[in-house]
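The values are calculated or read from the model by the stated rules, or taken from the named source; none is laboratory data. Source: prediction; values computed, not measured. All Cβ positions, even for glycine, are placed from backbone atoms using ideal geometry, and neighbour counts span all protein chains on display. Only protein heavy atoms, including side chains, enter the accessible area calculation; ligands, DNA and RNA are left aside. Shrake-Rupley method; radii C 1.70, N 1.55, O 1.52, S 1.80 Å.
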Amino acid sequence: MSVSQGSRESYQERSLHHAHPVARRLFQVAELKKSNLVISADFTESKSLLACADELGPYIAVFKTHIDIVSDFSDETVIGLKQLAKKHNFLIFEDRKLVDIGNTVQKQYHGGALRLSEWADIVNLSILGGDGIVEALNQTVTAADFPYKGERAFLLLAEMTTKGSRAVGPYTEQCVELAPAYPKSVIGFVSTRALTAPATGAGDFVVFSTGINMSAQGDGLGQQYQTPQSAIERGSDFVIVGRGIYASADPVATAIAYRSAGWDAYMRRTMKKDEAPTSDN
């Protein structure tokens with residue numbers, strides 16, 4: 001599979017023609033906040049999770065959670081996340097990596113203990129178990145009685161940044177082949193690079209890239225990093241950073257630095273170098 005360099009259209013331009021409302025909103029938020037930064041908030045207590053969302057919310061486009069590691073998940077967690085998303089104008093991405101038979105993932109997503117559909121704008125999934133998972137979730141979010149119709153979307157986990165990942169080759173290719181069949185629910189991929197040629201409408205797939213760090217090459221546990229610049233150059237639209245920001249000595253200053261690096265790389269890709277974020281907003 002050849003590597004595309006990603007869309008050269010601006011977020012604003014893409015927001016005008018994308019087929020899915022969640023993608024349009026995502027691009028609008030990025031353009032307004034001049035940020036393609038996603039914070040991966042891997043906290044195990046609601047208080048810390050919400051504090052991170054409040055502190056870093058002004059600088060990010062998306063707040064990514066691993067809600068199943070939050071030991072005290074409750075109504076207060078859900079209410080807090082939704083309030084902070086509204087306050088700071090960011091989307092919420094639950095990195096759940098759903099993978100099971102269709103009937104099970106429907107229950108995991110809409111209902112269940114974690115109530116994902118109630119608060120997560122975006123959830124990712126793996127097609128390791130086959131195409132049925134995508135069909136099942138598509139049926140869920142397009143059903144006549146689904147209360148959040150047009151407000152929820154999915155990303156296909158097409159690649160991972162861990163050493164020895166099996167999400168390569170035929171698996172990744174199958175993700176690329178499957179995505180266009182579900183324009184009402186699938187908006188893109190979690191991958192290390194653009195996987196499709198730049199397109200418009202239903203073919204404009206958003207790329208989220210994990211494993212972003214400006215200073216480290218790995219974490220000793222199999223994680224492999226790339227910089228915001230290299231990710232954007234390879235076609236990523238949104239860069240996901242975790243410990244590199246929230247575990248730093250000054251998370252706000254570090255978030256601003258990552259935001260600037262990602263935005264500058266995006267501007268170079270779209271050839272709009274005259275716009276850049278300021279360090280005080």
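Values for this structure:
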| quantity | calculated |
| --- | --- |
| Selection within the range 71-96 - at negative phi, open to solvent by less than 70 Å² (accessible area, probe 1.4 Å) and within 19 Å of the chain's Cα centre (by Cα) | VAL78, LEU81, LEU84, ALA85, HIS88, PHE90, LEU91, ILE92, PHE93, GLU94, ASP95, ARG96 |
| Yes/no for SER10 being touching a Ser or Thr at 6+ places or on another chain (Cβ under 7 Å), over 21 Å from GLU159 (Cβ atoms) and either among the hydroxyl-bearing types (Ser, Thr, Tyr) or open to solvent by less than 70 Å² (accessible area, probe 1.4 Å) (or both) | yes |
| Whichever residue in the range 17-38 is within 23 Å of TYR109 (Cβ to Cβ) and in contact with a helix residue (DSSP H, G or I) (Cβ under 6 Å, 6 or more places away or on another chain) and, among such residues, is most open to solvent (accessible area, probe 1.4 Å) | ARG24 |
| Of all residues in the range 145-191 being open to solvent by 10 Å² or more (accessible area, probe 1.4 Å) and among the β-branched types (Val, Ile, Thr), the one that is modelled with the highest pLDDT | VAL176 |
| Which numbered condition GLU55 misses (of (1) surrounded by fewer than 18 Cβ atoms within 10 Å (Cβ to Cβ); (2) over 23 Å from MET214 (Cα atoms)) | (2) |
| Enumeration of residues in the range 124-140 that are in a helix (DSSP H, G or I) and open to solvent by less than 20 Å² (accessible area, probe 1.4 Å) | ILE133, VAL134, ALA136, LEU137, THR140 |
| Residue satisfying condition, being assigned to a helix (DSSP H, G or I), farther than 19 Å from ASP237 by Cβ and of a type outside the set (Gly, Ala, Ser), within set LYS87, LYS149, LYS97 | LYS87 |
| Selection from the range 127-164 of residues that are in contact (Cβ under 8 Å) with a residue 40 or more places away in the chain, farther than 14 Å from TYR182 by Cα, touching a helix residue (DSSP H, G or I) at 6+ places or on another chain (Cβ under 8 Å) and of a type outside the set (D, E, K, R) | LEU128, LEU157 |
| Hits in the range 97-123 (condition: open to solvent by less than 50 Å² (accessible area, probe 1.4 Å), under 19 Å from the mean Cα position of the chain (by Cα) and not charged (D, E, K, R)) | LEU98, TYR109, LEU114, LEU116, SER117, TRP119, ALA120, ILE122, VAL123 |
